Amino acid sequence: MLESAAIAKQPLVAYLSMEIALGPAMATYSGGLGILAGDTLRAAADMGINMVGVTLLHRRGYFRQQLDSEGRQVEGPSLWDPQDYLEPMGARIIVKIESRDVHVQAWRYTIEGQHGHTVTVYLLDTDLPVNGAWDRKLTDHLYGGDDRYRLCQEVVLGIGGVSMLHALGHRITTYHMNEGHSALLTMALLNDLHKLDSLYKVTPEDMEVVRNHCVFTTHTPVPAGMDKFPRSLVSDVLGKDLSTALQRLECFHDGSLNMTHLALMFSRYINGVSMRHEEISRGMFPNYPVNSISNGVHAPTWTSVPYQRLFDRYIPEWRRDNHYLRYAISIPLEEIWQAHIEAKRLLFEEVRKRTDIWLAPHVMTIGFARRATLYKRADLLFADIDRLIRLSKQAGPLQILYGGKAHPRDEEGKAMIRKVFEASAALRDHVKVVYLEDYDMRLAGYICSGVDLWLNTPRKPDEASGTSGMKAALNGVPSFSVLDGWWVEGHFESVTGWSIGDSHDSVEDTAAEVSSLYNKLEYQIVPMFYARWTEYARVMRSAIALNGSFYNSQRMIAQYMINAYTAPARGEA
Ligand SMILES: *Cc1c(COP(=O)(O)O)cnc(C)c1O
């Protein structure tokens, strides 16, 4: 009784995200953003935090990836059956889209935390017989379709999300916008104060009321990565009243509605996802008080079974409280190494099952898997093929595992995959390079934990945080990365891994990065792996103790509680 009363008194946070990775078999996410959303809610459930999630159903998912012999991506639908995982809710709400009434239903997914507390996620669905054919498909494809389709989806998520939470009887204290896709929720909240057709009556005080209920996390330092919709489209989709209101509130910039700016205008707390990202975001949005809360990953989800067993033996408290991972520093090095050998074996078995390729267990294995898009530079390792061959002959043999999908309309991203295939052919007799198809949560679990070194080569400063290196760290896999995103703060040279280049400033010097990449591999990392394994295992262990203990979603959620959810509103003392 006492405990439930305490929970009831906690402020209720609604977390809205266009994608949420709820489980490997549910195609409701595409990559890092969705994984982060899922890890956030999983940590909230573990920690007994009063939170609900809202997203779209994405009946046809993102897509399934196949690659032909030259690395050309072929996309297919990734179908899943919501009935297998979700419970339909009785409540129905209506949103106005292009002046039509679009009916929305919600499905419920329950995340159960370690101690029995639950977090509910509502997945909004427009596939109802009362809706027209086009509207029924609005919640089918994650990041599919054109701008019009995307804006309609954002109406369902933002405006529909608020209505649905009301209809289900939730009294929300804080709306957390995970990226700008849900920013229209601010208009729904204003509409609760004034009907939309009288939004000309909105006062600065009204805006402050809305602001006091909203928190915004921005996830990209690249202006092109932010959703923008031209005025005519906004007027078509949202209707004249709302679009006039947005205009009056000065939400249009250069003739378009920028969802990041809308979210910034109406949030009491704004954060980037690493310290470096805060710095970049402050430069981009000088009129807003941007803070940072660095991302983290859900430790029990991303720790491989061999490491779970090891931690359970030496630091049994680690699941309840991830801080205890600090004490990994006293686990014997042989045990660290042995658990890793086992995780590597599990990965190689999975590779064999998927591809029929046998990887050599004793060969140093480098991993690179994430969204295939230009700035991630999957091809940087192949800048000088001859050098890479020489290096592997002199320092020790290498094999490399790749994975990652390119967005169906991202031609540069698709070209990256083809380049890896070309390099793989050129290296054939020297270094084995394998590109695994259909990178997803399950495959990420194997790759991030089973390789010997986690490579990351983004173009600075485009990586807001990155989280796959955090998954690797939990499994004792050191990162070898450009100093961008979380690595600027998680990197201690030869202690938690290695940097590519030695500065995080954004002056582009690809030649210097390439030479640092090859030099460190040839003279430091590969020789250490082969000739001085205890030194290598010491780096692995420090990666766990220093980074696993901090870059987890438990610490992250605690920081959101302290800084964003329960902190005094802007302007208050
Ligand atoms: C963790 C993860 C990502 C994020 O990778 P980054 O290197 O942080 O960009 C993307 N996709 C999947 C499936 C993941 O599990």
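The values are calculated or read from the model by the stated rules, or taken from the named source; none is laboratory data. Because the structure is predicted, anything quoted here is derived from the model rather than measured. Note that each Cβ is placed from the backbone with ideal geometry, even for glycine, and that neighbours are counted across all protein chains shown. In case anyone asks, the SASA skips ligands and DNA or RNA and just uses the protein heavy atoms, side chains included. Shrake-Rupley method; radii C 1.70, N 1.55, O 1.52, S 1.80 Å.
Values for this structure:
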item	result
Conditions (1) in contact with a helix residue (DSSP H, G or I) (Cβ under 6 Å, 6 or more places away or on another chain); (2) of a type outside the set (D, E, K, R); (3) open to solvent by 30 Å² or more (accessible area, probe 1.4 Å): number failed by S69	(1)
From the options V451, V433, V420, residue that is away from the ligand (no atom under 15 Å from the Cβ), open to solvent by less than 10 Å² (accessible area, probe 1.4 Å) and not hydroxyl-bearing (S, T, Y)	V420
Selection count where residues are within 16 Å of the ligand (Cβ to nearest atom), open to solvent by less than 10 Å² (accessible area, probe 1.4 Å) and more than 13 Å from S17 (Cα to Cα), scope region 31-55	1
Subset of region 472-482 [within 15 Å of the ligand (Cβ to nearest atom), over 22 Å from V433 (Cα atoms) and not in a helix (DSSP H, G or I)]	N475
Residue within region 226-243 that is β-branched (V, I, T), more than 28 Å from G144 (Cβ to Cβ) and touching a residue at least 40 places away in the same chain (Cβ under 8 Å) present	no
Candidates E489, E508 - the one that is open to solvent by 10 Å² or more (accessible area, probe 1.4 Å) and either touching a helix residue (DSSP H, G or I) at 6+ places or on another chain (Cβ under 7 Å) or within 13 Å of the ligand (Cβ to nearest atom) (or both)	E489
Residue within region 257-265 that is at pLDDT 95 or above, open to solvent by 30 Å² or more (accessible area, probe 1.4 Å) and over 30 Å from G445 (Cβ atoms) present	yes
Answer residue from region 368-386, given it is outside any helix (DSSP H, G or I) and within 10 Å of the ligand (Cβ to nearest atom) and is surrounded by the most Cβ atoms within 10 Å (Cβ to Cβ) among those	F368
Candidates S481, S499, S503, filtered to the one that is open to solvent by 10 Å² or more (accessible area, probe 1.4 Å), assigned by TED's automatic domain parsing to the domain that holds D386, more than 30 Å from T173 (Cα to Cα) and not β-branched (V, I, T)	S503
Qualifying residue in region 303-323 (condition: out of contact with any strand residue (DSSP E or B) (no Cβ under 7 Å at 6 or more places or on another chain), touching a residue at least 40 places away in the same chain (Cβ under 8 Å) and closer than 30 Å to A263 by Cβ)	no
Selection status of G469, within 22 Å of W337 (Cα to Cα), open to solvent by less than 10 Å² (accessible area, probe 1.4 Å) and in a loop (DSSP other than H, G, I, E, B)	no
Condition check for I357: open to solvent by 60 Å² or more (accessible area, probe 1.4 Å) and farther than 20 Å from S465 by Cα	no
Residues of region 453-486 that turn out to be in contact with a helix residue (DSSP H, G or I) (Cβ under 6 Å, 6 or more places away or on another chain) and of a type in the set (A, V, I, L, M), as a count	4
Residue in region 313-325 that is on the phi > 0 side of the Ramachandran plot and open to solvent by less than 70 Å² (accessible area, probe 1.4 Å) present	no
